[in-house]
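The values are calculated or read from the model by the stated rules, or taken from the named source; none is laboratory data. Every value quoted in this text rests on a predicted model; they were computed, and no experiment measured them. Cβ atoms come from the backbone with ideal geometry, glycine included; neighbour counts cover every protein chain shown. The protein model used for the area step is the full one, side chains on, heavy atoms only, and it has no ligands, DNA or RNA in it. Shrake-Rupley method; radii C 1.70, N 1.55, O 1.52, S 1.80 Å.
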Amino acid sequence: MAAPAPLRSEQVDHVLTLTLDRPEALNALDASLKAGLLAALRSAARDRSVRAVILTGAGRAFCAGQDLRETGLTGSRIGREVRERYNPLILALARLEKPVVAAVNGVAAGAGLSLALACDIRLAADTATFTCAFGRVGLVPDSGLSWFLPRIVGLGRALELALTTDPVDAAAAERMGLVDRVVPAPDLARQAAALADRLAAGAPLAMGLTKRALLAAASMDLETALEAEAQLQTAAGRSADHAEGIAAFTEKRPPRFADR
Ligand code: T3D
């Protein structure tokens, strides 16, 4: 009998939900799950019917990071794994020009935390916990954690989290801005879906360019960022969705964005 697929993919209207589905291993990332997630993100990028994505985990965990039972990932193989499997995943999330909501339903550890950080908005169950587990197994933060974490919580907090590897509960994560909102665990899926529905109703081109602008500006000087904004605004200003937004405002009705 074939092994069950480690990634579940379900689309309702314009929202695609990707569920890491290896609950027996706390959704740890093995080769098959990494490949499945990358393929699903690349397919979402091409599919115009997808306007928002939710990333979540099955069972009691969001994701426990690299599958530590996968053998052979030592020495130079680890560097290759990071370059060839993890980095493309993080770039696929960050470059996906559609909003991605992480619905963090339980523990997010190591590269599992990195995945959550590379999403655009993080909702967490009140039972979720977060840990930069890398140091516990003698490794350093990877999969974008060293880039995203200081930008999200500040350098001081990032250093504390990465060096101590202490777990942070959902309430503390919300206080430090590591997650945007904490909700009761039974409400997480519904609230993530409601948020994603709202994002999916936005103007797709403007959503994508907004994400591109903010991520790119994180490593630009002011003058470069201002010019980048002007270029992106030129593209957005030419779109049919912009014309629709203006028409809807003038006619005092909700806009109907049609993608482009
Ligand atoms: O390629 C490379 O190697 C480089 C990339 C590295 C990126 C990384 O992500 S490095 C960091 C890897 N992750 C970790 O170090 C986290 C390991 N897990 C834990 O520390 C704990 O499991 C948790 C804090 C996440 C949760 O603790 P707890 O007490 O709630 O659960 P548990 O009992 O430890 O785990 C439950 C099961 O899940 C258990 O299996 P069993 O004994 O019931 O059959 C456990 O072995 C399994 N599990 C948890 N994490 C992983 C895992 N199996 C494989 N890989 C895991 N990462």
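Annotation: per residue accessible area for the chain equals 52 Å², rounded to a whole number [probe 1.4 Å, protein chains only].
Packing around the peptides 54-67, 175-188, taken as the average count of other Cβ atoms within 10 Å per residue, puts them in this order, highest first: 54-67, 175-188. Here's the picture: charge each Lys and Arg Cβ at +1 and each Asp and Glu Cβ at -1 in the range 116-260, and of Gly135, Leu195, Pro150 the one pushed furthest to the positive end of that dipole is Leu195.
Can you give the log10 of the normalised intensity I(q)/I(0) at q = 0.08 Å⁻¹, computed with Debye over equal Cα scatterers of the chain? Evaluating at q = 0.08 Å⁻¹ gives log10 I(q)/I(0) of -0.33.
Residues Ile78, Ile246, ordered by accessible area of protein heavy atoms at a 1.4 angstrom probe radius and largest first, appear as Ile246, Ile78. Computed over the Cα atoms of the range 204-250, pair by distinct pair, the Kirkwood hydrodynamic radius stands at 11.4 angstrom.
Cross-link partners of Lys34 among aspartates and glutamates, defined as those whose alpha carbon lies under 19 angstrom from its own and excluding same-chain residues fewer than eight positions apart: Glu10, Asp21, Glu24, Asp67, Glu70, Glu81, Glu84, Asp142.
The listed residues Glu81, Glu160, Glu223 rank as Glu223, Glu160, Glu81 when sorted by accessible area, largest first, using a 1.4 Å probe. Taking all protein chains as present, what is the carbon and sulfur share of the accessible area of the chain, in % to the nearest whole number, probe 1.4 Å? Carbon-and-sulfur percentage of accessible area, whole number: 57. Here the range 204-250 is assigned +1 on the Cβ of each Lys and Arg and -1 on the Cβ of each Asp and Glu. Its dipole about the Cα centre then comes out at about 180 debye.
Using the alpha carbons alone, the radius of gyration of the range 4-116 stands to its Kirkwood radius in an Rg to Rh ratio of 0.96. The peptide list 16-24, 31-39, 149-157, put in order of mean Cβ contacts within 10 Å with the highest first, becomes 16-24, 31-39, 149-157.
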